[in-house]
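Heads up, the thing below is written out as structure tokens.
Each value in this text was obtained by applying a stated rule to the coordinates, not by laboratory testing. Owing to the predicted nature of the structure, the values given are computational and were not obtained by experimental measurement. Using ideal geometry, Cβ is built from the backbone for each residue, glycine included, and neighbour counts are taken over all protein chains shown.
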Amino acid sequence: MPKVMLVDDDRTTVSLLKMLLELDGFAVQIAEQGQLALDKANAEHPDLFMLDFHLSDMDGVTLVKTLRSMPAFTKTPIVVASGLNVSDEAMRAGASLFLIKPFEPGDLATLFRNLISGATSNGPDRKR
């Protein structure tokens, strides 16, 4: 069962995504802040991170760069989402994919499976 870590402080969004992803066969971990995600990442070893660009304790660029600097997560897919088009900043930081909000949550399971399978075979697909 693939593990996804959702990093977002919006409880409604997190609850919805958690429920949908669990129904699609994912184990979902939640971190409300960037530092909490970093603390949990080493213990939980998620197969994919999905994070909001604007967190209460740090921005998405900082979190992505920090995760990419950790040997265990250099190739782990990182999906960044925001209501603002900050895709250039997210991708330069090392994100695998940027999603502008609102996005279709029903498409996430297929998208995540594709990213995870790509990460295990030849690295994340950074061109999406």
(message) As a test of the formula, what do you get for the chain when each DSSP H run with n ≥ 4 contributes -39,500 (n - 2.57) and the sum is divided by the residue count, at 222 nm and rounded to the nearest 500 deg cm²/dmol?
(response) -13500 deg cm²/dmol
(message) Here are labelled values, (i) 13.7, 40; (ii) 15.3, 56; (iii) 12.9, 34, and one is the computed Rg and Dmax of the Cα atoms in Å for what I pasted. Which one?
(response) (iii)
(request) Give, in nm to one decimal, the length gained when the segment between ARG11 and MET58 is fully stretched (0.36 nm per residue of separation minus the Cα-Cα distance). (result) 15.2 nm
(request) Name the residue, out of LEU84, LEU115, LEU55, whose mean-square fluctuation peaks in a Gaussian network model built on the chain with Cα pairs under 10 Å. (result) LEU84
(message) Exceeding 19 Å between C-alpha atoms, which entries from my cross-link table qualify? They are LYS3/LYS40; LYS40/LYS65; LYS75/LYS101.
(response) LYS75/LYS101
(request) Return, ordered by residue number, the residues of the range 94-111 whose backbone nitrogen is under 11 Å from a label point located 7 Å along Cα→Cβ of ARG68. (result) 94-97
